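Below: the structure, in structure tokens.
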Amino acid sequence: MNLKNIFLCDAATANPDNTFSVLRGGISTLNLSIPHNGDLSQLPPFQLTLVATIELEVTEMGRVHNVELSFMDIDGQKVLPDIRANFQTPHSPRKGYFNLILNSLLKINKPGEYCFYVNVDGHELGTQPLTVLFHQLQTP
């Protein structure tokens with residue numbers, strides 16, 4: 001089992017033919033505007049979607065697998081609670097794929113480096129870093 005791709009985007013939807021549609025993919029840095037008064041608690045949450053394609057070998061097809069997603073800051077503090085779910089692909093005589101799409105509303109109160117972690121069956125398959133920058137809104 002390995003991670004065929006992983007990326008961040010504004011939005012994604014799964015299609016019945018095991019493909020997905022993406023809006024503004026490839027996000028690695030966010031520039032968030034700070035309110036004039038500098039109060040970071042007033043920042044609204046923002047939509048961000050993680051897309052990951054897990055490639056399974058023939059021997060892994062048809063079995064239940066456990067996936068766990070984590071989102072942490074540079075200090076290893078969890079920004080979101082871990083998300084755990086199960087998935088199962090149909091039996092097949094060849095490799096298969098499972099598309100994982102996580103649409104989330106994130107509230108981040110400090111600039112810095114963050115990272116999404118994808119674990120399947122207790123093994124880390126990959127990560128997707130995210131840099132968050134803040135800038136002050138200009139006074140009119």
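The values are calculated or read from the model by the stated rules, or taken from the named source; none is laboratory data. None of these values were measured; they are calculated from a predicted model. Glycine also receives a Cβ, built like all others from the backbone with ideal geometry; neighbour counts cover every protein chain displayed. These area figures cover heavy atoms from the full protein model, side chains too; ligands, DNA and RNA do not enter into them. Shrake-Rupley method; radii C 1.70, N 1.55, O 1.52, S 1.80 Å.
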Self-check item: Whichever residue in segment 45-60 is touching a residue at least 12 places away in the same chain (Cβ under 8 Å) and over 18 Å from Ile101 (Cβ atoms) and, among such residues, is least open to solvent (accessible area, probe 1.4 Å)
Solution: Glu60
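Could you tell me which residue of segment 1-30 is least open to solvent (accessible area, probe 1.4 Å), considering only residues that are not charged (D, E, K, R) and not in a strand (DSSP E or B)?
Ile27
Take the residues in segment 72-83 that are open to solvent by 100 Å² or more (accessible area, probe 1.4 Å) and under 16 Å from Pro129 (Cα atoms); name whichever of them is nearest to the chain's Cα centre (by Cα).
It comes out as Lys78.
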Quiz prompt | Hits in segment 103-118 - residues which are open to solvent by 30 Å² or more (accessible area, probe 1.4 Å) and modelled with pLDDT of 95 or more | solution = Glu113, Tyr117
Practice problem: Mind listing just one residue for me: the one in segment 84-102 that is farther than 12 Å from Val120 by Cα and hydrophobic (A, V, I, L, M, F, W, C) and, of those, most open to solvent (accessible area, probe 1.4 Å)? | Solution: Ile101
Quiz item: So Leu23 clears everything in (1) over 21 Å from Leu3 (Cβ atoms); (2) modelled with pLDDT of 95 or more; (3) in contact with a Pro (Cβ under 6 Å, 6 or more places away or on another chain) except one condition, right? Which one?
Solution: (3)
